[in-house]
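The values are calculated or read from the model by the stated rules, or taken from the named source; none is laboratory data. These numbers come from a predicted model, not from an experiment. Cβ sites come from the backbone with ideal geometry, for glycine too, and all protein chains shown count toward neighbours. All accessible areas refer to the heavy atoms of the entire protein, side chains included, with ligands and DNA or RNA removed. Shrake-Rupley method; radii C 1.70, N 1.55, O 1.52, S 1.80 Å.
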Amino acid sequence: MASKRNTSIDMFRLAACALVIIQHYRLFNMNTAGALWSGFYCRIAVPFFFMVSGYFSWKADPAARSGYLKKQIVTIGKILAVSSVVLIVYNIIIGYKIPFKPVYIRYLLLYNEPKFLFGHAHMWYMLALIYVFAFGLLVEKLRLNKPAYIAAPLVLAAGIILDFALFNMGGRRACFTRNWIFDGLPFFYMGQFIHRHESKFLSVITKGRGILLLVLSAAAMWLEGTIMLRLGLSVSRTFFISLLPLSFSVFMLLLNFPDIGKGTFIARYARDASMIVYIIHHMVEDGIKLAAESLCGVKMYQHSTIRFILIFTISTAIGIVYAMLAEKRGRRKSRADRLGAESPV
């Protein structure tokens with residue numbers, strides 16, 4: 001396959017950030033059917049992010065794969081370090097005190113649960129991504145890609161069973177299943193496997209079949225949710241059986257229609273902006289909440305739709321400004337490198 005840019009994936013990165021915000025803050029007011037079902041389907045966001053990481057990690061040359069994984073570990077590590085400082089400073093400014101218990105160290109190391117460090121649990125994803133890339137690097141060194149592909153669905157099945165069991169026993173903590181092992185590795189290797197066999201997948205799952213697969217997967221997700229509600233079970237868990245085919249069908253659709261938003265301003269900056277949106281959306285929500293209460297006496301949790309629009313719009317605007325500055329900095333660096341190469345010794 002030609003290695004041209006897939007703007008559809010870039011655009012959906014930003015859309016997935018919107019889904020994360022909905023999952024955290026709802027699109028509709030609490031205790032409504034809209035809030036329940038929108039939050040249910042938004043579970044696809046994090047699996048998509050891991051699939052994207054796996055998809056772009058695949059290179060035909062093993063040395064190139066290892067090099068890519070090493071580079072990503074360093075890049076994500078730098079982003080995590082900088083964003084951690086920003087979050088800690090922000091917590092100090094707003095006077096938020098983060099509780100600590102010794103057991104939180106184990107949660108951090110084993111389950112990527114960093115809330116006691118930053119006050120923002122969503123940063124688990126950044127830690128999990130580093131763990132996943134490190135594990136991927138080990139798999140490359142041991143040449144165990146194929147066993148990893150076989151193990152991925154088994155690990156996901158174990159995560160589904162464990163999530164269900166813990167939820168019903170009452171001893172569940174989200175990080176026990178929402179971590180690099182159960183949430184990260186299966187979808188990472190699904191993305192890598194798709195890229196490795198992309199031409200075969202696209203020859204079978206054409207555009208029409210891809211749309212049909214998406215409709216059927218969404219219907220399966222609805223059926224699973226309906227059955228769970230009828231049985232009195234919660235749909236606020238991490239995993240669902242139909243999440244796997246839904247994630248796969250969405251990704252295949254993005255590959256079948258690779259040029260969504262091509263040439264637009266948003267598509268140009270969506271990839272870099274999405275990371276910023278993910279990192280800062282809780283801070284933006286805090287700012288909106290404090291401003292609304294102090295200036296207007298309005299409690300934003302009572303206006304979920306408006307709150308979501310404000311969080312996503314402001315976060316995206318900040319993310320795009322960051323992406324524009326990063327692009328400008330990259331152009332200056334490239335120009336300096338080119339001039340340096342052209343100058344006589």
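Shown here: mean projected area of the Cα convex hull in nm², derived from the displayed model; of the candidates [x] 22.0; [y] 24.7; [z] 21.1, it corresponds to [z]. Computed from the Cβ-Cβ distance with R0 of 25 Å, the FRET efficiency linking Ser236 to Tyr149 stands at 0.25. With θ taken as phi - 60° and the Karplus curve 6.51 cos²θ - 1.76 cosθ + 1.60 applied, the whole-hertz 3J(HN,Hα) list for segment 52-61 is 4, 4, x, 4, 7, 6, 6, 10, 4, 8 Hz, x standing for glycine and proline. Accessible area of Leu295 (1.4 Å probe, protein heavy atoms only, ligands and nucleic acids ignored): about 140 Å².
Cross-link pairs exceeding 31 Å in C-alpha to C-alpha distance, out of Lys4/Lys141; Lys200/Lys333; Lys289/Lys333; Lys78/Lys101; Lys70/Lys101; Lys115/Lys262, comprise Lys200/Lys333; Lys289/Lys333; Lys70/Lys101; Lys115/Lys262. Put a dot 7 Å past the Cα of Asp286, heading toward its Cβ, do the same for Val86, and the two dots end up 1.3 nm apart.
I'd like to compare 271-278, 152-159, 297-304, 236-243: which one has the highest average count of other Cβ atoms within 10 Å, and what's the full order after that?
Details: 271-278: 22.6, 152-159: 16.6, 297-304: 14.1, 236-243: 19.2.
My ranking of the peptides, most packed first, is 271-278, 236-243, 152-159, 297-304.
How large is the dipole of segment 54-159 about the Cα centre if only Lys and Arg carry +1 and Asp and Glu carry -1, each at its Cβ, rounded to the nearest 20 debye? Before the final figure, lay out the partial values.
Numbers: 12 positive and 3 negative charges, 32 e Å.
Dipole about the Cα centre, nearest 20: 160 debye.
Label-to-label distance, Arg331 versus Phe116, with points set 7 angstrom from Cα along the beta-carbon direction: 4.7 nm. Here the simple spin-label model places points 7 Å from the Cα toward Cβ, and for Ile306 and Ile260 these points are separated by 3.0 nm. GNM remark for the chain: springs join alpha carbons under 10 Å apart, and the peak mean-square fluctuation among Ile205, Ile288, Ile92 falls on Ile92. What residue among Thr305, Thr264, Thr313 shows peak mean-square fluctuation when the chain is described by a Gaussian network model with Cα springs under 10 Å? Taking springs between Cα atoms under 10 Å, the residue moving most is Thr264. Couplings 3J(HN,Hα) for segment 109-117, derived from phi with the Karplus relation 6.51 cos²θ - 1.76 cosθ + 1.60 (θ = phi - 60°), are 6, 8, 10, 6, 9, x, 4, 6, 8 Hz, where x marks Gly and Pro. Here the 3J(HN,Hα) profile of segment 77-93, calculated from phi with Karplus coefficients 6.51, -1.76 and 1.60 at θ = phi - 60°, is x, 5, 4, 5, 5, 5, 5, 5, 4, 4, 5, 5, 4, 4, 4, 5, 4 Hz, Gly and Pro shown as x. For segment 1-97, chymotrypsin sites (Phe, Trp or Tyr not before Pro) are listed when DSSP marks them as loop and at most 14 other Cβ atoms sit within 10 Å of their Cβ; the list is Tyr96.
Given R0 = 22 Å, the distance between the Cβ atoms of Thr313 and Ile94 translates into a calculated FRET efficiency of 0.55.
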